[in-house]
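For reference, the structure discussed in these notes is given below.
The values are calculated or read from the model by the stated rules, or taken from the named source; none is laboratory data. Model, not experiment: these values are computed from the prediction. Please note: Cβ atoms are built from the backbone with ideal geometry, for glycine as well, and neighbour counts cover all protein chains shown. Quick note on the areas: whole protein, heavy atoms, side chains included, nothing else; ligands and nucleic acids left out. Shrake-Rupley method; radii C 1.70, N 1.55, O 1.52, S 1.80 Å.
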Amino acid sequence: MSLNNRIKERREALNMSRAELANSIGVTPSAIANYENGISSPKIELLYKLFKALKCDANYLYQDEIKEFTTETPTSDELTIIKKYRSLSDYDKGAVDSLINHLSGRQTEFIQIESPTLLPYYGRIASAGTGQFVFDDIPPEMIEVESNHINMQADFAVGVNGDSMEPTYKDRDVLLIKKQPSVNIGEIGIFMIDGEAFVKELGHNVLVSHNPKYAPIPFSESISCIGKVLGKV
């Protein structure tokens, strides 16, 4: 289980919403979503706040990386680094952990400069307000997005129409969607309700708006999931 999954696992174990965690460490709910989806990692200065909010330490969040490392015999240089690491404060350990995670992520990131990814774009049909008709006789246009490990998972893109998902997603944002029939609680997806498409977070038997002026939509068997929101262009 990776760092992003550990953050989500711990947050849900504490019955904490993304908005509550975001407020406790001074970021937006979309930043928490990006951490949990592996799109980005917490900055060094936020790690200590994250440990405190989640009531855990670096060993919990990075335990899988630690297990992977311990399957190999460390070199003498690595043992020296481990000794120095153990002498650090929790805050400084968090800073080191964040830097290592960032640098290792850069080594594995797939970058393709010459050939951007082409995706069907259906326009502003994913409502973040009162609902819009979707996909019926709508010819998509093809748009180019950067080729990276996140964007290449997307099957199509849609535009946001409305403000009910602010501040996470705003009117006219272009969302990247991966086709799938369901999403997990706490994830954001595209849902069909009576022939209209909505971008919402899946809650416990409700579809949740991030803008508090919009009431949750009760979930029912007539509601279907079109796909998961991976992020925005």
Using 1/(1 + (r/R0)^6) with R0 = 45 angstrom and r between the beta carbons of His149 and His204, what's the FRET efficiency to the nearest 0.05?
0.90
For the pair Phe219 and Ile81, the simple spin-label estimate (label points 7 Å beyond Cα toward Cβ) gives in nm 4.2
Over the range 13-64, what percent of the accessible surface lies on carbon and sulfur atoms, probe 1.4 Å?
50
